[in-house]
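The values are calculated or read from the model by the stated rules, or taken from the named source; none is laboratory data. From a predicted model like this one, the values you see are computed outputs, not experimental measurements. Don't worry about glycine lacking a Cβ; one is built from the backbone with ideal geometry, like all the others, and counts go over all protein chains shown.
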Amino acid sequence: MLNQNQLQTIQNLSRNQRDCEDNIKAYLTFGHLFENNIAVTLANTYVIQGKPALNADAMAGVVRRYRDADGIKVCAYIRIVEWSDDICTIATRRRDEMDFDIPEHTFTFSAKDAKDRNLLGQRAWKTMRRFMLHKRCLTALLRTVFPEVIGQAYSADELAENMIKDENERDAIMFASAEGTRPPKAQPAPKQQPTQPNPYPRQFESTKTTAAEILMNIDNAEDDVINALAQETKVYLFDVQLNDEAKEHVKQACTKLKHKAFQCTIDEARKTANSELGLDPVTYDKVREYIVFGDPTSWKLHDEIKSMR
């Protein structure tokens, strides 16, 4: 867990509360790879829709300098075998395999591979095909050969290709990642859910009970019921997860939702998000911060959102 000094440093390097939450997740996931240097970790990592990512070049640097329990470097070398606008092949060897004369590991990623994955139509691939081939080849090779070092880490541009639908937002991440800088902050749009017509207190579909009733019975609830509630409350609360443990998340969510002001504020925010007006990024950030840190008895944000419509 983070100590107070670490938490304060991350907060100082963050732009807002949501950015801080992402930075905490990135540091907890990858901080050990950068000798727990917070600034360096945050400069080489990113979180896209809740999933931490590691810059491709930083991934290679981590592998090159990683030492095992005996202090011996695991990676012997990483070399480019072939690299053009049509194909990239990269090779590497592990030091612990050299005594057994195991040949070097190679991985190839070609323009045809990119075409088969429907990537070539994206702006980054049109203008930086050579660099994108290198990134894809490099990260795939490192995940395969050095799983104990980087696990199944993906680069920010890899995740953006599959998880970000907005073309401008996706390209901003991919261009920054290919150039070796930290991608700009992605602003995921709130999930579009049907407006909830139910009056207070809200009854949850998965249990047909209210927040107050859930709190009374949660300690005796089955795991599948808790998991269903955790998912339902997370979606309802604009994808905010209040705790990694499903039961604790449900408890915290329902403790807030049993207050009329809190539920009505969330309902009003969802109604606006699903309207033609939509929820602007600033208000979206306010709603998510309110969900985590706000006073559940306050009507201030509710009235502010309502006045927008």
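Pro201: of a type outside the set (S, T, N, Q), at pLDDT 85 or above and not in a helix (DSSP H, G or I), yes or no?
On the way: of a type outside the set (S, T, N, Q): yes; at pLDDT 85 or above: yes; not in a helix (DSSP H, G or I): yes.
When the stated conditions are applied, Pro201 passes them.
Quick check: is even one residue across the stretch 54-66 free of Cβ contacts under 8 Å to residues at least 40 places away in the same chain, among the basic types (Lys, Arg), out of contact with any Cys (no Cβ under 6 Å at 6 or more places or on another chain) and surrounded by 15 or more Cβ atoms within 10 Å (Cβ to Cβ)? Among the residues of the stretch 54-66, not one is free of Cβ contacts under 8 Å to residues at least 40 places away in the same chain, among the basic types (Lys, Arg), out of contact with any Cys (no Cβ under 6 Å at 6 or more places or on another chain) and surrounded by 15 or more Cβ atoms within 10 Å (Cβ to Cβ), which makes the answer no.
Would the stretch 285-298 turn up any residue that is within 22 Å of the chain's Cα centre (by Cα) and modelled with pLDDT under 90? Yes, that holds for at least one residue.
Restricting Leu2, Leu28 to residues that are part of a loop (DSSP other than H, G, I, E, B), surrounded by fewer than 19 Cβ atoms within 10 Å (Cβ to Cβ) and not acidic (Asp, Glu) narrows the list to Leu2. Close Cβ contacts (under 7 Å, 6 or more residues apart or on different chains) running from residues in the stretch 1-26 that are under 16 Å from Val240 (Cβ atoms) to residues that are basic (Lys, Arg) and part of a helix (DSSP H, G or I) comprise Arg18/Arg288. Given the criteria free of Cβ contacts under 8 Å to residues at least 60 places away in the same chain, closer than 14 Å to Cys137 by Cα and either touching a helix residue (DSSP H, G or I) at 6+ places or on another chain (Cβ under 9 Å) or of a type in the set (S, T, N, Q) (or both), does Ile87 qualify? Yes.
Residues that are touching a residue at least 12 places away in the same chain (Cβ under 8 Å), part of a helix (DSSP H, G or I) and farther than 23 Å from Asp19 by Cβ within the stretch 294-309 comprise His302, Lys306, listed in sequence order. Pairing each residue of the stretch 231-249 that is under 18 Å from Glu21 (Cα atoms) and outside the structural domain of Ala211 (by TED's automatic domain parsing) with any residue that is hydrophobic (A, V, I, L, M, F, W, C) and surrounded by 15 or more Cβ atoms within 10 Å (Cβ to Cβ), provided the two are 6+ apart or on different chains, yields no C-beta distance under 6 Å. Only helices (runs of 4 or more DSSP H) whose full extent lies in the stretch 70-167 are considered here, and the ones with at least 3 residues that are assigned by TED's automatic domain parsing to the domain that holds Ala53 and surrounded by fewer than 13 Cβ atoms within 10 Å (Cβ to Cβ) are 111-116. The set of residues from the stretch 259-293 being in contact (Cβ under 8 Å) with a residue 12 or more places away in the chain, assigned to a loop (DSSP other than H, G, I, E, B) and surrounded by 12 or more Cβ atoms within 10 Å (Cβ to Cβ) comprises His259, Asn274, Ser275, Leu279.
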